[in-house]
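Report on the structure given below.
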Amino acid sequence: MSNLSQGAVRDLLRIVIVGHVDHGKSTLVGRLLHDTNSLPAGKVEEIKAMSDRRGMPFEYAFLMDALQAERDQGITIDTSQIWFNSDKRNYVIIDAPGHKEFLKNMITGAAQSDAALLIIDAEEGVREQSRRHGYLLHLLGIRQVAVAINKMDLVKYSQERFNEISREYRAYLTDLGVEPTFILPVSAREGDNIVTKSAAMGWYDGPTVVGALDRFVSEPLSTDLPLRLPVQDVYKFDERRVIAGRIESGRISVGDEIMFSPSNKTARVKSLEVWPTSLAAPARVTAGYNVSMTLDEQIFVERGDTISHVKNAPIETDVFRARLFWLGHEPLSIGKTYKLKLNTTEAQIQVQKIEAVIDTGDLSSASATVVERNQVAEIVLRSRRMLALDAFNDKPATGRFVLVDGYDIAGGGIISMEGYADQRQLITQRSTNIVKVEQGVSDDERARMNGHRGGVIWFTGLSGAGKSTLSVELERRLFEKGYSVYVLDGDNIRFGLNANLGFSPEDRSENIRRVGEVAALFARAGMIALTAFISPYRSDRDRARAAAPNRFHEVYVQADVKTCESRDPKGLYEKARRGEIKEFTGISAPYEEPEVAELVVDTAKHSIEECVAQLITYIEANFSLRAASAQLEARAR
């Protein structure tokens, strides 16, 4: 058996050409192809003849603008791709549209690229689209950007004008965290600094366009990254079930133990095949190849699953942050549901929060309830099921997604897990050969003995909202009334049961998982467990609810950040504001308010005494057997 490596298929660099409409992108590419003799024989003569027939002057842009509609309108409306070879390497040059209405095509072109050449008109200078394109390149993770300041002939090859635009745009990109590889003065029409050095700009000592492209560094081979193989489809041939897909990163070998996410099922690779190739049954296949495989056992696999090795598996979550560029005709709004497309996965997803809308002009951010067309926003998305995904900064190939509204692609973005936990460990059961033991005392017997039912009162809210204060006071009042009750408090639990956990998103989720299970045991023992935990993630509270079905009562202790910060007896908010506490809920980490809590107590508007009275009324109505008997008697009368 043979091995197939990526080196045979990845022998080029993809460069996207972007810029404001009419700043000369197509002209620059046409001139580049002409001056390097990369055009098919007779192409220039064909365009010159066409121009003569129309009574138009010859334009190098016509070499790229292949669509008739583009020639008529004078704008590029689709991405054009053409091969170009320098002495150093092979290229695919992608000429992307600059007009605001065709940003979707620009994003499509940029998303396929390894580096970018951004064009700015020396006469017009930096425009809104110039900034927007720069931001989109940053958003798409393109880190290698060269800037060509074009039409220098129109400003009489002025070094002063070049320096002015260069300083302005370099400062903008730097604020984004992008360091332009080169900024170079060119005249595409006249051929200055495209392939050969310009005699008219002796003051410039940098590379030509071709020289700048050749100095771009090839991206690291994706074979060096963890295995990611989104399942495209599953076929059945005779008795074989064949799983097919394209390897986006990493490598896979016969005999490997692989994991399917988000189901967490595992199996070993029995055989591999690739296409298109004449090689049969390779022992190993790497990124860039389409592959099919059979497994050593029959397990249920479906399109949208992600194959990885057991180690370095993708993140599993039902909620994540995203930086999104919105292209929909209707605004993106909180609570609306869209179709998420992530690799081969499709899932319904809801906009949980719009954290900020970014002004691509000055990079300022503002709060908003909707995201309008062509705006960039930072949002939180939530799915009804677990998703397998990667943070874009870690694994770009599997960290991008698009949103579909109806039948149209309406937005695209990159994934961030900042502030949110990888939930894989929380939903994976490792214990085997275990059987639940039935209790010798029934729930009804415990309730009759105690005079009330067991349950969990789950206090959630920001630090300083009053969870611990309420739970301790409520415990005292209920105890005096004869209730069997106990407080599980965040700080106390971390002294013992959860002393080995920190405050990362994953540790915080595990902290709540353990507390939820312990509280459920208290409830089954007939007691009322009062839990006072921030528990910022909705999915964690849902798991705690599932641990105590029909016994779980969520109480949202409501108080805004300003009120909580004014109390702050431990000085935590002040430390968080100074950056001394990382991942602090409400400041540098998210808090997801309950969608439908059983009870809301507002400690910003009501006193502790009033809130405790509200809680006692609720508990007696829902837990007390005496109250239940009184209700039955009242209904009987």
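Give me the number: length gained by fully extending Thr337 to Lys311, i.e. 0.36 nm times residue separation minus the C-alpha to C-alpha distance, one decimal in nm. So the extension gain works out to 6.0 nm. For region 441-630, the direction-averaged projected area of the alpha-carbon convex hull comes to 10.8 nm². Among the listed pairs Lys236/Lys265; Lys311/Lys582; Lys270/Lys395; Lys25/Lys156; Lys270/Lys339, give every one whose C-alpha distance is greater than 23 Å. Beyond 23 Å: Lys311/Lys582; Lys270/Lys395; Lys270/Lys339.
A Stokes-Einstein calculation at 10 °C with viscosity 1.306 mPa s, built on the Kirkwood radius of region 222-309 over Cα pairs, returns a diffusion coefficient of 125 µm²/s. Sequence-ordered 3J(HN,Hα) estimates for region 288-299 from the Karplus curve with 6.51, -1.76 and 1.60 and θ = phi - 60° stand at x, 9, 7, 9, 10, 8, 10, 10, 7, 8, 7, 10 Hz, glycine and proline given as x.
The numbers here are math on the coordinates, done by the rules we state, and not lab data. Source: prediction; values computed, not measured.
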